[in-house]
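What follows is a set of notes on a single structure, which appears directly below.
Just so it is clear, none of the values below were taken in a lab; they were calculated from the coordinates. Please read all numbers here as calculations on a predicted model, not as lab measurements. As a convention, Cβ positions derive from the backbone with ideal geometry for all residues, glycine included, and neighbour counts pool all protein chains shown.
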Amino acid sequence: MNKNDSERISTVVESLGYASVLTQDEADLIIVNTCSIRQSAEDRVYGQANKWEDLKTKNPKLVVAVTGCMPGRDRDGAMREKLPVVDLFFPIKDLPRFPKWLSEINPELVNSGSEEEDYFKITPKYTDSRQAFVTIMSGCNNYCTFCVVPYARGFEKSKCVADVISEVRALADHGYIEVTLLGQNVNTYRPSDRESFSKDNPFKDPFAALLWEINQIEGISRIHFTSPNPQDMTDEVIVALGLPNQLNILHLPVQAGSNRILKKMNRRYTRERYFEIIDKVRNVRPEIALATDIIVGFSSETEEDFMETVDLYKKVSFDISYTAMYSPRTGTVAAKAWEDDVPKEEKKRRWNYLQNLMENIVLEKNKSYIGKEVSVLAEKFENGMLFGKSRELKLVRFPGDSKEVGNIIPVTVSEAFEWVLNGERSS
Ligand code: SF4
């Protein structure tokens, strides 16, 4: 999402007559797109303040703006106060107003540029020629007790069906073949123009219906989305996972395997419900790769709770987990209400335990690809080798030619490691 937001920021500043430079030292305008998911990400922003002071001494025209998640969650102004060097501090949803604010600082800074009223209407400056992120909704209404997103991004807002479809069609017209639909809670897509769905669209659930529409767009052969919430995983969305152009992967954050912890996190599903969803998904796509997010060491998480997460992990047999050690985030319910009482060392031990488990499981799963053919979108060429992702989003490495970057190539897997499959182009 942040990458896609940065692509939008590029569109806006280029429309104002700016061009990019390679280092901060050369810039007349610095826009920092921040992440608030962990404290360390915010600390990196504070760590830059002295550098910006120095740059402003050398270049008094320099404007520093901070956007992304930090400004949205700075309800009491404490963050803003710690960054007096910053000229503009605005949540990303207010990006359309940036040109106006910049011209208020100094009218000479803005050559031209048109003001879009809606963040969703700003077309990102895509950074790849074959793969694109398409934000379909932003914000979250769920208030998981550990999470800053609802504070940082505000309530859920969905982009119109007609606008999503025209964005994806335009991408297809320009040769794009893969789209990743983005949203903090992507499967609660609730557009205001449901009448824009085709008459023969078989789905009632708007997110499933959108997947169907995008599956009809010629040229787009790889469709993926992130991140859905298990509590909103309807049967129709599960059926839509079987549509022909969907990639063969589902990233479904579980966060914990203990019902007590899930409840405390305000995740509105149980481990039993999660298993039920996975069973249904595997009925639709038996070979699907599964990814998840897990937090270890949440407030009051006992060894027993943790072992339930381990048990869930083994039963589901995920391909990958993005595991985080819990750290309280200011402003959240968890930070206000409960102690961060799992010692750091213990969090680290649980994290390592899951990492080892993940590596053992994924290695076994990857070995099952040996001798099979995977369909790879070549993304990069280095030292005689092409690198790309299969439809399961597994990294695949095989001999090739730099001219083939951007092509879809069938590859027969000959060797499997935890994070890469080696192979040869299929004959
Ligand atoms: Fe955060 Fe996701 Fe929970 Fe929303 S659903 S509060 S984005 S963890």
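Some values worked out for this structure:
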{"read-out": "Virtual paramagnetic centre 7 Å along Cα→Cβ of K263, amide N under 18 Å, in region 287-307", "value": "298-307"}
{"read-out": "Partnerless Cys - the chain, beta-carbon criterion under 4.7 Å", "value": "C35, C69, C140, C160"}
{"read-out": "Rg(Cα) / (2.2 N^0.38 Å) computed for region 272-348, rounded to two decimals", "value": "1.30"}
{"read-out": "Within a Gaussian network of the chain (alpha carbon springs, distance under 10 Å), most fluctuating of T292, T270, T57", "value": "T57"}
{"read-out": "Tail beyond 42 Å, pair distance distribution of the chain (Cα, percent)", "value": "17 percent"}
{"read-out": "Cα Rg, Dmax, region 124-182, angstrom units", "value": "14.1, 43"}
{"read-out": "Candidate aspartates and glutamates for bridging to K159, where Cα separation is under 12 Å - those fewer than 8 sequence places away on the same chain excluded", "value": "D118, E167, D193"}
{"read-out": "Among 76-86, 228-238, the order from most to least packed when residues are scored by Cβ within 10 Å on average", "value": "228-238, 76-86"}
{"read-out": "Computed [θ] at 222 nm, helices only, for the chain once each DSSP H run of length n ≥ 4 contributes -39500 (n - 2.57)", "value": "-10000 deg cm²/dmol"}
{"read-out": "Size descriptor, Kirkwood hydrodynamic radius, that averages inverse alpha-carbon separations across region 25-98, Å", "value": "12.6 Å"}
{"read-out": "Dipole-positive endmost among L62, N50, L88 within region 17-93 (Cβ charges, Cα centre)", "value": "L88"}
{"read-out": "Cα gyration tensor shape of region 154-217, rounded if a/c is under 1.5, else prolate or oblate by comparing a/b with b/c", "value": "oblate"}
{"read-out": "For D341, net neighbour charge (Lys/Arg +1, Asp/Glu -1) across residues whose Cβ lies under 14 Å away", "value": "-3"}
{"read-out": "Value of Rg to Rh for region 1-126 (Rh from inverse mean 1/r over Cα pairs, i.e. Kirkwood)", "value": "0.93"}
{"read-out": "Distance between region 102-172 and region 362-427 - C-alpha centres, whole angstrom", "value": "33 Å"}
{"read-out": "GNM result for the chain, Cα springs below 10 Å: residue of M385, M137, M358 fluctuating most strongly", "value": "M385"}
{"read-out": "Of K56/K82; K157/K280; K280/K389; K3/K348; K3/K121; K56/K93, those spanning more than 19 Å from alpha-carbon to alpha-carbon", "value": "K157/K280; K280/K389; K3/K348; K56/K93"}
{"read-out": "Protection proxy ranking of 35-45, 305-315 - average other beta-carbon atoms within 10 Å, highest first", "value": "305-315, 35-45"}
{"read-out": "Global form of region 211-288, assessed from the alpha-carbon gyration tensor, a/c cut-off 1.5", "value": "prolate"}
{"read-out": "Highest-fluctuation residue, R273, R169, R190 considered, GNM on the chain with Cα pairs under 10 Å", "value": "R273"}
{"read-out": "Normalised per residue, the volume of the convex hull around the Cα set of region 119-266 (Å³)", "value": "118 Å³"}
